[in-house]
1. Whole number please: convex hull volume per residue, Cα atoms of segment 21-123, in Å³.
2. Convex hull over the alpha-carbon atoms of segment 23-72: what's its volume per residue in Å³?
3. Using only the alpha carbons, work out the radius of gyration and Dmax of segment 73-160 in angstrom.
4. Tell me the per residue accessible area of the chain using a 1.4 Å probe; a whole number in Å² is fine.
5. Ile65 to Arg160: extension gain in nm, 0.36 nm per residue of separation minus the Cα-Cα distance?
6. Per the 1.4 Å probe, what fraction of the accessible area of the chain, in percent, lies on carbon and sulfur atoms?
7. Per residue, how big is the convex hull of segment 60-120 when only Cα atoms are used? Give it in Å³.
8. For the chain, treating each Cα as an identical point scatterer without solvent, what Debye log10 I(q)/I(0) comes out at q = 0.09 1/Å?
Amino acid sequence: MTRAFRGEALIPLSLQVKVPEGQDGYYRIQRIPRIPSIPPHTALFRGPVYECIASDSPGDLAAYIEATDRMRQPEVGSVLILGLGLGIVVQAALMNPDVREVVAVEQAPEVVRLVGPVYSSDPRFRAIVADALLWEPPTGGCFDAIWADIWCQVSPQMLREARALKARYEAHLHQHWFGFWNEGPAELIFGREA
């Protein structure tokens, strides 16, 4: 397995996704060729100015290490992912033969149409088009792990929303692990403000 060095962490490049290039409305997936010190990677852009909102570059993959490690644990059977993006955490969960179910809630139907087909061949995967901040899990629904990645920037607002999601979904956690994108930096930078 090829690894890339970034700071103290070794990032497994096997986490890179196999999502094909395409466009749907204001969303575009593009393969980025090698640029100095960054290997080829895939990026998800949102328009009309095409802001990069997700990528599987080594720098971005660093934010997913804890989530992808958690998805590989044998006690993880049911996973809820809030924000599909490129499906990096979905892919990690589906690599675990002990995972029975992966539910991804994504607000943008365009993202589901672009990314969902890559994972929908696995019967354990299901995508739901809904706002993760408003979606209600089915009564009695319980997950072993929940991952939230619905933000593009680390900010006090992002941290407040993440904490509210954690509190809201606590009753739906079996193993009691809820992680979110850039949790460590967000808590470190904005923990007192949020």
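The values are calculated or read from the model by the stated rules, or taken from the named source; none is laboratory data. Keep in mind it's a predicted model, so treat the numbers as computed, not measured. When the accessible area is computed, the model is the full protein with side chains, heavy atoms only, and any ligands, DNA or RNA have been set aside. Shrake-Rupley method; radii C 1.70, N 1.55, O 1.52, S 1.80 Å.
1. Here the figure is 102 Å³ per residue.
2. 95 Å³
3. In order Rg, Dmax, the Cα atoms of segment 73-160 give 12.8, 38 Å.
4. 50 Å²
5. 32.0 nm
6. Roughly 54 percent of what the probe reaches on the chain is carbon or sulfur.
7. It is 78 Å³ per residue.
8. Once normalised to I(0) and log-transformed, intensities are -0.31.
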